[in-house]
């Protein structure tokens, strides 16, 4: 089964990474913060 990959623009990637930084700074676990942006820990 083939799954179509979704390509993100550089601005979207930076925004999502910053979002994870903010969430972890607020005390959330990395695993939870990464899931909230829609990726796996491995991808992060």
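Just so you know, all these numbers are worked out from the coordinates, no wet-lab data involved. These numbers come from a predicted model, not from an experiment. Cβ: placed from backbone, ideal geometry, glycine included. Neighbour counts: every protein chain shown.
In degrees, nearest 10, range 0 to 90: what is the angle between the Cα axis of helix 10-25 and the longest Cα principal axis of the chain?
So the helix axis and the longest Cα principal axis differ by about 30 degrees.
May I ask you to order 19-26, 33-40 by the average number of other C-beta atoms within 10 Å around their residues, highest value first?
For the peptides 19-26, 33-40, the packing ranking is 33-40, 19-26.
If you stretched the chain out fully between residue 17 and residue 3, how much longer would it get, using 0.36 nm times the residue separation minus the C-alpha to C-alpha distance?
Stretched fully, the residue 17-residue 3 segment lengthens by 2.7 nm.
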